[in-house]
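Okay, so here's the structure we're looking at.
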Amino acid sequence: MPGSKQATAVTVMASRRGWKRLLRVLPRIVLVVVGAVVFAPGTDESLDADIANLWLAAALPVWWLALTLSLWRAPERGLPDVLRFRRRHRRVCWRLSALLLLGACLALLTNAYCTWKADSDVPLTVWEQYSRYASHAGTTGVWLLCLSPLPGLLDPLVWRLWPAPLRHAVRRARAAEALASPGRYPRPVPFDPDRGAVGRPEPLGEDDGRRGPSLIPVSVRLSRDSTSRGVELRWNGATLTLHHQGHDPVRLPVAPRDDVLPGEPLPRPVAEVVWYDEQHNAVATRTPTPYHWRGRDTEVLFLDADGRRLGTVSRVLDDWQAVARVARAAGVPFAAYDLGYAAEDEPRAASRLFPRDGRQLTVRAE
């Protein structure tokens, strides 16, 4: 049967993914064990403190390699050139951080060695020389340790110096990569790279809003339980508003007809309304999550003219056609998307397709 074949294929892919993950982690485990073996003699309480510190300092470079091993791998093969360039750019920055951290480890090893030599039976002039070396190595190690995070943390700022078309191509490639991951869709879904901020998949339904606003009031309840939060999206024939029980109504200015007034929560007018649904692995949180929303995101988004997110209403009803009717009455373009299933080690597609920009309006319908 087709369903059983699909389930078998998903199981096989999950098994292969598990073996690949194990093969990636195994070298790190081996290095951690080797570092522990090197460090083990230093745990002998009968040893002098300088010798014990020397064993610890000798184990640190091994543990450093275990920590940074993934940085020295090349980006995955088969990726688009712009995506390989972006990942290589990030790895170069973090490799510089790793090298500074390695320098700190070697400086500590030098400090431990020189301290051990200075405490041995040596002439006074040699003792002074080793003590000076130990002091310089310790100071250098502290500085290298403090500076080590800097290159990696500066990666986002350095990336902004590259041309905007290159950065946009990378965002578009990341969105396409998320949607093309195995197991997300039961069948391939076309991807339009020229739509929205970074591209969009094939919509479930859409309306371009060219017919203009209607004078007939229309509303849609977004909450599953009308007695709890009572979130509604309303068009009264002149204004599009979001009503949240216990809060003042929020006016949603529509581009290009309305302007944003001072003090309003949206920084720019709404140029498109989007409904989407995406399934994923449920993540344990401190706050209790209703059963219906465990492992699922169903949201209504308000986007600007560039396709960037201005506001989000989360945990909304599955009825996207009702939301489309309100958007159609308000003369606002609308689109609904099924973003499939994001596996455990895969990113959410929604965060890449609809990037945030500036101040955000966030409402939870349930």
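Annotations
- Within segment 73-83, one or more residues are at positive phi and either free of Cβ contacts under 8 Å to residues at least 24 places away in the same chain or surrounded by fewer than 18 Cβ atoms within 10 Å (Cβ to Cβ) (or both).
- The residue pairs whose first member lies in segment 200-212 and is more than 14 Å from L303 (Cα to Cα), whose second member is at pLDDT below 90 and among the β-branched types (V, I, T), and whose beta carbons are closer than 8 Å, counting only pairs six or more residues apart or on different chains, are P201/V189; E202/V189.
- Segment 111-138, subset within 13 Å of L54 (Cβ to Cβ) and in a loop (DSSP other than H, G, I, E, B), residue least open to solvent (accessible area, probe 1.4 Å): S120
- Wholly enclosed strands (runs of 3 or more DSSP E) of segment 172-276 bearing at least 1 residues within 23 Å of P333 (Cα to Cα) and open to solvent by 70 Å² or more (accessible area, probe 1.4 Å): 205-207, 218-221, 232-235
- Boolean, R359 is at pLDDT below 95, touching a helix residue (DSSP H, G or I) at 6+ places or on another chain (Cβ under 8 Å), among the basic types (K, R) and not in a loop (DSSP other than H, G, I, E, B): no
- Residue under evaluation A169, criteria (1) over 14 Å from P80 (Cα atoms); (2) open to solvent by less than 60 Å² (accessible area, probe 1.4 Å); (3) not charged (D, E, K, R), criterion not met: (1)
- Check on S70, farther than 26 Å from S181 by Cα, in contact (Cβ under 8 Å) with a residue 40 or more places away in the chain and either under 35 Å from the mean Cα position of the chain (by Cα) or open to solvent by 60 Å² or more (accessible area, probe 1.4 Å) (or both): no
- Qualifying residue in segment 148-156 (condition: free of Cβ contacts under 8 Å to residues at least 60 places away in the same chain, within 21 Å of A330 (Cβ to Cβ) and open to solvent by 90 Å² or more (accessible area, probe 1.4 Å)): no
- Exclusive hit being free of Cβ contacts under 8 Å to residues at least 60 places away in the same chain, open to solvent by less than 60 Å² (accessible area, probe 1.4 Å) and assigned to a helix (DSSP H, G or I), set L99, L108, L144: L144
- Selected residue [closer than 23 Å to D192 by Cα, among the acidic types (D, E) and within 20 Å of the chain's Cα centre (by Cα)] from D357, D345: D357
- Filter pass, G152 being under 30 Å from A178 (Cβ atoms), out of contact with any strand residue (DSSP E or B) (no Cβ under 7 Å at 6 or more places or on another chain), modelled with pLDDT under 90 and of a type outside the set (A, V, I, L, M, F, W, C): no
The values are calculated or read from the model by the stated rules, or taken from the named source; none is laboratory data. In this text, all values refer to a predicted model and were calculated from it rather than measured experimentally. No Cβ is skipped: glycine too gets one built from the backbone with ideal geometry, and neighbour counts run over all protein chains shown. What goes into the accessible areas is simple: the full protein's heavy atoms, side chains included, and nothing from ligands, DNA or RNA. Shrake-Rupley method; radii C 1.70, N 1.55, O 1.52, S 1.80 Å.
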